[in-house]
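Data block below; observations after.
The values are calculated or read from the model by the stated rules, or taken from the named source; none is laboratory data. The structure displayed is predicted, hence computed values, not measured ones. Neighbour counts run over all protein chains shown; Cβ positions are idealised from the backbone, glycine included. With ligands, DNA and RNA removed, areas are computed over all heavy atoms of the protein, side chains included. Shrake-Rupley method; radii C 1.70, N 1.55, O 1.52, S 1.80 Å.
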Amino acid sequence: MEKRALGSLEVSLVGLGCNNFGMRCDADESRVVVHAALDAGINFFDTADVYGGTRSEEYLGQALAGHRDEVVIATKFAASVDDDPMHRGASARWVKEAAEGSLRRLGVDCIDLYQQHRPDSDVPIEETLEALNDLVREGKVREIGNSNFSAEQIAEADAVSKKNEWARFVTAQNQFNLLHRQPVRDLLPACVEYDLAVLPFFPLSSGLLTGKYRRGEATPSGTRLASMGEEVSARVLSDRNFDQLDFLEQFATAREHTLLDLAFAWLAAQPAMGSIIAGATKAEQIQANVAAVAWKLSDAEVAEVSDGLDAIRAAAKSES
């Protein structure tokens with residue numbers, strides 16, 4: 001599979017998001033998914049201390065036993081691990097404590113990519129970056145990244161790192177997909193300017209971009225949307241979203257591809273794209289994700305998709 005650079009790291013264009021481990025997948029099921037990813041050429045595995053109540057890191061570490069030299073492991077800190085208010089945030093104390101916990105659960109002596117899961121308005125970014133720099137200097141972390149940061153916060157962090165000659169963020173992990181294209185206007189330009197690789201999560205928009213949801217039909221049981229409740233499901237399965245899905249599916253079908261293929265191919269064609277992080281609970285999902293990036297969209301096709309979606313959104317806004 002095509003590889004992309006995350007700082008000094010080289011990762012597969014499709015990565016495996018491990019947020020299902022410890023929730024929808026037990027240890028054995030997680031191992032099956034991880035090994036299917038390895039067989040498909042995926043070498044990038046993204047988790048977080050908070051996923052599955054810390055079980056995701058444990059299951060991932062167990063599944064990757066014997067494969068450490070073949071893979072790039074990313075995890076995160078800052079979200080609430082439990083009910084203890086001291087076990088969250090981006091203070092220097094918690095950065096170091098959280099890292100030790102992740103290293104122990106993963107069963108490794110170094111985290112390849114350690115990411116701040118969300119901004120922390122209570123802690124100066126200088127404090128967080130200095131603590132992360134210490135981890136890099138100690139050899140416990142290779143590269144650092146951010147998640148859910150704004151363009152302005154990325155710029156601020158980069159300036160602080162450069163001023164102090166500290167390790168700098170090399171990745172930005174944000175929600176980004178064909179139905180959520182805000183990053184095109186702000187995040188991507190910042191990542192290009194400050195040389196960060198983008199790691200989009202929810203590339204399939206919670207399943208909307210798989211084609212499994214149909215206008216006027218009940219939400220399929222067992223899907224992510226079904227578990228979110230009727231109110232959330234109704235908001236997501238809006239007429240505007242279905243209008244966009246209809247357009248996208250027609251575009252893909254006309255080129256003998258699927259909606260899922262288009263979701264991955266469009267992201268892969270975006271500037272500063274690193275690895276497209278997609279969760280999976282079955283081997284066949286991984287195989288479909290990997291096959292999707294074989295489709296290389298031209299600049300004209302990327303523009304046609306974006307223009308078509310913009311037109312649909314503009315029409316919906318004028319009618320509201």
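Screening the chain for whole DSSP H helices of 15 Å or more along their axis (Cα) with average Kyte-Doolittle hydropathy at least 0.0 returns 27-39. Just tell me which lysines come within less than 21 Å, Cα to Cα, of Lys296; anything on the same chain fewer than 8 places away is out. By straight Cα distance, Lys296 reaches Lys3. At the residue level, Asp120 shows approximately 40 square angstrom of accessible surface with a 1.4 angstrom probe and all protein chains present.
Summary of the geometry: the range 1-73 and the range 231-289, compared by the centres of their Cα atoms, lie 21 Å apart.
Comparing Cα centroids, the range 146-200 and the range 82-143 end up 18 angstrom apart.
Rounded to whole Å and ordered largest first, report the semi-axes of the equivalent ellipsoid of the range 1-52 derived from its Cα gyration tensor (root of 5λ).
Over the Cα atoms of the range 1-52, the semi-axes work out to 22, 14, 6 Å.
For the range 289-320, applying the loop criterion from DSSP together with a ceiling of 13 other beta carbons within 10 Å to the trypsin sites (Lys or Arg not before Pro) yields Lys296. For the chain, what is the calculated [θ] at 222 nm in deg cm²/dmol (nearest 500), taking -39500 (n - 2.57) for each run of four or more DSSP H residues and dividing by its residue count? Computed ellipticity for the chain at 222 nm equals -13500 deg cm²/dmol.
Using a 10 Å Cβ count of at most 15 others and DSSP loop calls, identify the longest part of the chain lacking such GluC sites (Glu not before Pro).
Between the exposed loop sites, the longest stretch runs 3-137.
Size descriptors for the range 63-215: radius of gyration and Dmax over Cα atoms are 16.4, 54 Å. Taken over the chain, the percentage of Cα pairs per 20 Å bin, counting from 0 up to the bin with the maximum distance, is 32, 59, 9.
What does the C-alpha gyration tensor say about the overall shape of the range 47-153? Classify as rounded when a/c is under 1.5, otherwise prolate if a/b is larger than b/c, or oblate. Prolate, since a/c reaches 1.5 and a/b exceeds b/c.
May I ask for the equivalent-ellipsoid semi-axes of the range 243-291, computed as the square root of five times each C-alpha gyration tensor eigenvalue and listed largest first in whole Å?
Listed largest to smallest, the semi-axes of the range 243-291 are 19, 15, 9 Å.
Just the projected area, averaged over all directions, of the convex hull on the alpha carbon atoms of the range 152-305: how many nm²?
10.6
For the range 161-207, the equivalent ellipsoid derived from the alpha-carbon gyration tensor has semi-axes of 25, 11, 6 Å in decreasing order. Proximity of backbone amide H atoms, modeled 1.01 Å from N, is registered between Ile277 and Gly15 at under 5 Å, excluding neighbours fewer than 5 places apart on the same chain.
Between Arg255 and Arg240, the contour length at 0.36 nm per residue exceeds the alpha carbon distance by 3.1 nm.
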